[in-house]
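The next block holds one structure in the form of structure tokens; read it before the comments.
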Amino acid sequence: WLNDSPIDFCFEVIGSTADKCHVLSSHTPSTGWPPTPKKLITDTKFIIQPVNLKRSHWGVVITALHYLDSADTLRVHPYLYEPLIDEEYHEDMEEVWKGIKDQENKVVMEGLRGFVKRWCQASTPTTKLRIDPIEWVEVPQQLDYASCGVFVVAQAFSYVHGNFQW
């Protein structure tokens, strides 16, 4: 099993080798989202968020960003991957993206989507956001109960380095 330290290290390495990739800590969903980066969000292609699920399993949110200069629009496409392909984890993964709302539908804990909106507003306030629906990635599927960390690291590496054959 890989715990948070090697997972975060692997994702930092991925972020440093990929073009225009911003990596967040696996602790972010539980400790709170960081201040917005100083760089322009429109200069970013990917935001990667490793997700520790129920303290025993790993998933990842890979947010692909595509800036269309002529329309001053940033397309945001969230890919969620959990290697067991088990719907039991979908709600927790979606909370990392959407945030957590109370009974009055008010956001009580920001999600990655909120972080993206905040970063866009801070760095390029006139840019329009087009946020696509969540896309679940369902391959490859993990067949054992111990290799989830390896799967999420490999999936993120593969995606940010141009392999889109999911």
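Quick note: the coordinates plus some simple rules give every number you see, no bench work behind them. The shown structure was predicted, so the numbers you read here are calculated from the model rather than taken from an experiment. Ideal geometry is used to build each Cβ from the backbone, glycine not excepted, and the neighbour counts take in all protein chains shown.
Quick look at the values:
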{"read-out": "Angle between the chain longest axis and helix 4-17 axis [Cα atoms, degrees, rounded to 10]", "value": "50 degrees"}
{"read-out": "Förster radius 22 Å - calculated FRET efficiency between N3 and D92 (Cβ-Cβ, nearest 0.05)", "value": "0.75"}
{"read-out": "Ascending count of other beta-carbon atoms within 10 Å, so fewest first, for M93, M109", "value": "M109, M93"}
{"read-out": "Cβ charges +1 (Lys, Arg) and -1 (Asp, Glu), total dipole of the stretch 17-166, debye", "value": "760 debye"}
{"read-out": "K101 paired with R75, simple spin-label distance in nm, labels 7 Å along Cα-to-beta-carbon", "value": "2.6 nm"}
{"read-out": "Inter-label distance, nm, simple model (7 Å from Cα along the C-beta direction), D144/S25", "value": "3.0 nm"}
{"read-out": "Fluctuation leader among D144, D72, D43 - the chain, Gaussian network, Cα springs under 10 angstrom", "value": "D144"}
{"read-out": "Loop trypsin sites (Lys or Arg not before Pro), the stretch 86-121 (other Cβ atoms within 10 Å of the site Cβ: 14 or fewer; DSSP)", "value": "K106"}
{"read-out": "Percentage relative contact order, the chain, counting C-alpha pairs under 8 Å, at least six apart", "value": "26 percent"}
{"read-out": "Convex hull of Cα atoms in the chain, direction-averaged projection (nm²)", "value": "9.9 nm²"}
{"read-out": "Theoretical ellipticity at 222 nm over the chain - DSSP helices of four or more residues, -39500 (n - 2.57) apiece, nearest 500", "value": "-9500 deg cm²/dmol"}
{"read-out": "Loop-located GluC sites (Glu not before Pro) in the stretch 45-134, at most 10 other Cβ atoms within 10 Å (DSSP)", "value": "E104"}
{"read-out": "Listed residues G162, F151, H66: farthest to the positive end of the dipole of the chain (Cβ charges)", "value": "H66"}
{"read-out": "Given charges at Cβ of Lys, Arg, Asp, Glu: the chain dipole, positive-most of T44, V107, P125", "value": "P125"}
{"read-out": "Long-range HN-HN contacts of L129 with modeled amide H, under 5 Å", "value": "L74"}
